[in-house]
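These notes concern the structure reproduced below.
Taken together, the values in this text are just the output of simple stated rules run on the coordinates, not laboratory data. On a predicted model such as this, the values are computed, not experimentally measured, just so you know. Don't worry about glycine lacking a Cβ; one is built from the backbone with ideal geometry, like all the others, and counts go over all protein chains shown.
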Amino acid sequence: MIHHTLRWPVALLLIALIASCDDPQSPNPPELEQELITHVTLRLIDSATMIDTAVATFIDEDGANGPKSPMISGMTLASGRTYLGSIHIEDRSNTSAEDISEEIRELATQHQFFYSITGEAEGRVTTEILDTDTNGLPLGLSTRVRVTPGSSTQGGYRVILSHYEKPELKTGTSQGESDIDITFPITIR
Amino acid sequence: MRSLAIAVLAFLSISGILPSIGHALELRAPVTLRGRVLDSVSKETLPGASVVLEPSGFGRRTRSNGEFEFVNVESGRYAVHVRLIGYFEKHLELDLTANTELTILLVPEPLHGSDVIVTSKDERLHRETYMSEEELEAVRGQTLGETLEHIPGVTTLQTGASISKPVIRGLHSQRVTILNAGVAQEGQQWGAEHAPEVDPFAPTVIEVLKGASSVEFGAGAIGGVIRLVPRELPTSAGIRGSLTLNAFSNNRQGAGSLLIEGGLRGAPGFGWRVQGSGRIAGDSRTPDYVLGNTAFKEDNLAVSSGYSIEAGGVELHASRFSSTIGIFSGSHVGNKEDLERAIERGQPAVSYNFDYSIEGPYQTVTHDLLSLGAHTRVFDAGRLELHYGLQQNDRSEFEKQRDPTKPARETMNLKLLTHSLDLKFSHDPADGWYGSVGVNGIRQGNTGSGFDVLIPNYRLHQAGVYALENYLVGNLTLTAGARFDLNATTVYPLVRKGIEGQEHRFSSLSGAVGASYQLSSELNVRLNAASAWRPPSINELHAYGVHHGTAQFEVGDSSLREERSVGMDLTARYQTASLAVEVSTYLTTFDGFITLSPTRRSVLTVNGAFPEFKYEQRRALLRGAELSINYQILEELSAHVAIASVRGDHYDPDQPVYGMPPDRLQVDLRYLVPDLRIKAIQHTELHLGLQAVSEHDNLLPEQDLTPPPPGYVLVDARLSTELHVFGGRILTSLEVQNLLNTTYKDYLSRYRYFAHDPGRNFVARLSIPFGS
């Protein structure tokens, strides 16, 4: 026979079991807002005509940790031309799209873009940063891109956005934490 | 939380009723009870055993010679309860009418062959010497891990001062079970930076079972068990307690705990305890710089109550652990190239200022535990024990926003709710046979939210049944046990990560056999063999995402099968009055050892390409040895030496197992300052410790991002004393950790890519017991 001291624990156990049967199992958890970079658009306008435009895009709708692979489309640049470049960064993962480039402009002392050319096209394209932060250091939301004359070739146009924990870390040349590191395929004709 | 509140209310109201069942006691002339506690096999004396006299509630710990004494006890009928970890509890009934002498034999629990029993990190010196609970109070660390880390074979996986995960013989997380108040702790153990949610101030003794202990403790115990046994509740009237204050200079941390416990007049057998603690720590410092954003804070509260008579008892325990932990700013990288730059620097690029503020990234963890334990004698044949546990673990992770003036943003929240029920029957020893049978069940649900949620929602049911039997014949004890477990998990879809709804079912047998032989009164040899398994954990099945501390893209594999081990463990122990030597060696083979391995593919993201790592199953062999020597050089001077080494290798292809701890040597000298003949100062002790850690050498260069850090040597010193002032006692100690302010990196520190380990740390401890 079970001693009477066990009666209370059994009663208590039942109370605890009944009281706690509310553990959740909703298969679709509610979302927390999160900053993701889902869209990056690089737009180059021919500085002579101000009409001819080359556009490269990066789209990753579900962010870095989503199962969908990002879609990258490259651009074609004309040999010997000079372009005015601008980069536009957005987060469209939340209900209302967020313009991250605007935020970067406001926090210019903690950000800097780095542009470089990879592959065969190396040396054919130079990128000059036109905008600066309040400390006079380059930012890179707006650029001038020159394509030196030569034969047709292909390569990558690499864009890095460095984010600095503190403004003191930004020197104009040092890199911080990479918020963006995308290489767009380019063709020079 | 609502459920916890209801249960606590129920508990308090019932607790008030229980004492009325107590027995009255006839009082007669005082007598003295003396005795000795011995190991039933080796006949060696057992210091540190708890001897409680019921219903008086008086408790004693046996001294270094195994003796105890109760002077001037009212004569009458008593029950004597004797407890010592590693031994079966003993209960005697006694008619005390005259002065009495007793010899009490405790039967060892031989299946836990490789027990190391710690009541603090310094207990290793005290296995043969008496140590009061107050002394334990004087050496407590910042975390549970820190209290454990000097046991041979136990190391910690550190993520700063606040997160330390115990590693037993190279295994941790899902391979180690932590039992808190009789309930297996079910926290969010998915990451190496998720520490056990336990108050380091909790009044417990700690027991570490090294090696697979799955028969009694289930599938999670494939690597070992850490058992936190709450100190016994008082059983007599009167209020007592203690106030403990700790200060740590390195991170300018203040910590304190207040414990009050007592019984009720006229209700012998009833006891209660309330214990609360808190700590606030700022940023840690290496010898050369501040580790930015490593501040943390913690608040804990525990309420326990119990009623115990000779026929049985109940105990209810409710506790909340809550912490906010800053993650070192320099350990968060954007991509692989950032990480390479950070490794090249080897220390942070920014110079941080010390402060107590916690900014993103940080995490908050709350763990609520309600545990109910009951035991009673049944059928006059043995003891029936029941443990019910209800726990909720709530973890949130926060990241700083692009705009530093905005508060950190919550990126992930996980809530894990677990019910567990354990029932165990231990039959009384008869003709050399003793043992137990048990069943247990778990029901668990996990809900997550947030874009970066680590794991999908799931519901888990687990059931196990086991039997364990020992046979004692002459100098030989034989043990055999078997267990069957069933594990069913329903995973709910997580569309955003491409995870579909699915069911996982695992079931398997575990078993263990052991023998312990007392060759002579000094020498004991034990041999254990165990087969254990564990189901793959939910993160191993379904992880998907970038780990920003390692710049790895981690991918789970939903087709993983169970991990199985077969291991052997041989221990020899030689003990004389002044010398104790213990040597252990072990070997464990794993079939389907789950490990994160590079796939040589990369995953493209907006931050560039990340190398992909996938959870894979490989064959593995782990083996190691531990040596521990305690030597009483002089009456006042004792020395302790411990060496531990473990190696792990995979087969087909041959490759070392990642993350095994490097070899370790620990030397301690303890000097008991002779009586100063000053009444106000007593039990003064000087302690000098040296810890040497070798460079990790069993790893291929492609298995890690950087070569392992060089070995290092740390020195620490401690002075402790007992002050008798104002009619009371104050226990104090002053310790210096990393006395030489050595600059080093520990291989098991998660921050080793980015920064050094903390420098010199002065620790002051003060404990004031009060009450009857």
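In table form, for the structure just shown:
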read-out: Nearest-ten-degree value, helix B:2-17 long axis tilted from longest Cα axis of chain B; value: 0 degrees
read-out: Cα centre as origin, Lys/Arg/Asp/Glu Cβ charges: the range B:621-772 dipole, Debye; value: 760 debye
read-out: Relative contact order (%) - criterion: Cα under 8 Å, at least six apart; region: the range B:198-269; value: 27 percent
read-out: Positive minus negative residues near B:TYR574 (Lys, Arg vs Asp, Glu; Cβ under 9 Å); value: -1
read-out: The protein assembly as shown: C-alpha gyration tensor shape, a/c 1.5 cut-off, then a/b vs b/c; value: prolate
read-out: Global geometry of the range B:306-429, whether rounded, prolate or oblate, following the gyration tensor of its Cα atoms and the 1.5 cut on a/c; value: prolate
read-out: Flagged links, alpha-carbon separation over 20 Å, of B:LYS336/B:LYS406; B:LYS90/B:LYS424; A:LYS170/B:LYS745; value: B:LYS336/B:LYS406; A:LYS170/B:LYS745
read-out: Extreme residue, positive dipole direction of the range B:705-772, given options B:LEU719, B:TYR753, B:ILE730 (C-beta unit charges); value: B:TYR753
read-out: Residue order, fewest to most surrounding Cβ atoms within 10 angstrom, among A:SER96, B:SER236; value: A:SER96, B:SER236
read-out: Rel. contact order, % - alpha carbon contacts under 8 angstrom, at least six apart, the range B:167-207; value: 26 percent
read-out: For B:THR447, B:THR143, A:THR132, order by how many other beta-carbon atoms lie within 10 Å, fewest first; value: A:THR132, B:THR447, B:THR143
read-out: Cα-based reach from B:LYS210 at 18 Å (exclusive), listing lysines while leaving out same-chain residues under 8 positions away; value: B:LYS121, B:LYS165
read-out: Among B:VAL208, A:SER79, B:LEU494 the positive-end extreme of the charge dipole of the protein assembly as shown (Cβ point charges); value: B:VAL208
read-out: Relative contact order %, chain B, counting alpha carbon pairs below 8 Å whose residues are six or more apart; value: 10 percent
read-out: Dipole in debye (nearest 20) - chain B, about Cα centre, beta carbon charges: Lys, Arg +1; Asp, Glu -1; value: 940 debye
read-out: Charge dipole magnitude, Cβ of K and R +1, D and E -1 - the protein assembly as shown, Cα centre, debye nearest 20; value: 780 debye
read-out: Tensor-based shape of the range B:464-585 (alpha-carbon gyration tensor, a/c under 1.5 rounded, otherwise prolate or oblate); value: oblate
read-out: Proximal lysines to B:LYS497, defined as alpha-carbon separation beneath 17 angstrom and excluding residues fewer than eight positions away on the same chain; value: A:LYS68, B:LYS614
read-out: Residue among B:PHE296, B:SER308, A:LEU141 farthest towards the positive dipole end of the protein assembly as shown, charges placed on Cβ; value: B:SER308
